[in-house]
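Below: one structure in structure tokens.
The values are calculated or read from the model by the stated rules, or taken from the named source; none is laboratory data. Everything numeric here is computed off the predicted structure, so don't read it as measured data. Cβ placement follows ideal geometry from the backbone for every residue including glycine, while neighbour counts extend to all protein chains displayed.
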Amino acid sequence: MTLGLIWAQSRSGVIGNAGGIPWHVPEDSAHFRAVTGTGTVIMGRRTWDSLPDRFRPLPGRRNVVVTTQTDWNADGALVAHSVSDALTIAEPDADNMVWIIGGGVLYAQTMDIADRLEVTEIEIDSRGDTYAPPISVAWELRDTQPGTGWSTSRTGIRYRFRSYERVTPARREPR
């Protein structure tokens, strides 16, 4: 199984605020759909709750929700009570990418075991309560789109897509 993490972040590393994303970049949403494709997406329960009802579950993908609430369930979601459980649920999808899509706690727990990062950089300053994990020297930038500079969203916000691959061996057990 190949494990990827995908997120969008502001200049200061903000990925969320009060259960939502503090910007609107439709091109990033389209990129997210294209990248996560038909694979498995793993998310925390608060990330699930932050999705608009019409997008729950995320269509065309197996949706795994990690929660400590033993009685939680939702239509279209497979429930896991730890990252290890979520990865076990995702294992039958080993030929496809498995994506961690949020939130901050899951990113922190899986950064050391991931193989790939897809990061949308949003060129704004934003306040927030959830931050992206730092990208260490264990990662090498492989691609930036557009190749030179930034794109401008139809909402007027500048952004770019950056792909990273791990250059040091990944741990195989989540924190």
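Return the residues of region 49-103 that are touching a residue at least 24 places away in the same chain (Cβ under 8 Å) and part of a helix (DSSP H, G or I); say none if nothing qualifies.
ASP49, SER50, VAL83, SER84, ALA86, LEU87, ILE89, ALA90, GLU91, ASP93
Also, I was wondering about something else. Only one of VAL64, VAL25 is crowded, with 18+ Cβ neighbours inside 10 Å and touching a Phe, Trp or Tyr at 6+ places or on another chain (Cβ under 7 Å). Can you tell me which? Please lay out each step first, then the result.
Details: VAL64 fails: touching a Phe, Trp or Tyr at 6+ places or on another chain (Cβ under 7 Å).
That would be VAL25, the only listed residue that is crowded, with 18+ Cβ neighbours inside 10 Å and touching a Phe, Trp or Tyr at 6+ places or on another chain (Cβ under 7 Å).
Exactly one of (1) surrounded by fewer than 18 Cβ atoms within 10 Å (Cβ to Cβ); (2) closer than 29 Å to THR144 by Cβ is unmet by ARG45. Its number?
Against the list (1) surrounded by fewer than 18 Cβ atoms within 10 Å (Cβ to Cβ); (2) closer than 29 Å to THR144 by Cβ, ARG45 comes up short only on (2).
Return yes or no: is TYR164 of a type in the set (Ser, Thr, Tyr) and touching a residue at least 60 places away in the same chain (Cβ under 8 Å)? So that I can check it myself, show each step before the final result.
Working: of a type in the set (Ser, Thr, Tyr): yes; touching a residue at least 60 places away in the same chain (Cβ under 8 Å): no.
So TYR164 fails the test.
Please enumerate the residues belonging to region 115-155 that are free of Cβ contacts under 8 Å to residues at least 12 places away in the same chain and assigned to a strand (DSSP E or B).
THR152
Yes/no per residue for (1) crowded, with 17+ Cβ neighbours inside 10 Å; (2) of a type in the set (Phe, Trp, Tyr); (3) within 23 Å of PRO22 (Cα to Cα):
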| position | (1), (2), (3) |
| --- | --- |
| GLY104 | yes, no, yes |
| ASP112 | yes, no, no |
| GLU140 | no, no, no |
| GLY149 | no, no, yes |
| ARG154 | no, no, yes |
| ALA170 | no, no, no |
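Which of the residues belonging to region 132-151 are of a type outside the set (A, V, I, L, M, F, W, C), at pLDDT 95 or above and touching a helix residue (DSSP H, G or I) at 6+ places or on another chain (Cβ under 9 Å)?
Once the filter is applied, which keeps residues that are of a type outside the set (A, V, I, L, M, F, W, C), at pLDDT 95 or above and touching a helix residue (DSSP H, G or I) at 6+ places or on another chain (Cβ under 9 Å), region 132-151 yields PRO133, SER151.
Another question, if that's okay. Output the number of residues of region 4-45 satisfying the condition of being small (Gly, Ala, Ser), part of a strand (DSSP E or B) and within 25 Å of ASN96 (Cβ to Cβ).
Going through region 4-45 one residue at a time, the tally reaches 3.
Which numbered condition trips up PRO174, out of (1) over 14 Å from the mean Cα position of the chain (by Cα); (2) under 18 Å from PRO22 (Cβ atoms)?
Condition not satisfied by PRO174: (2).
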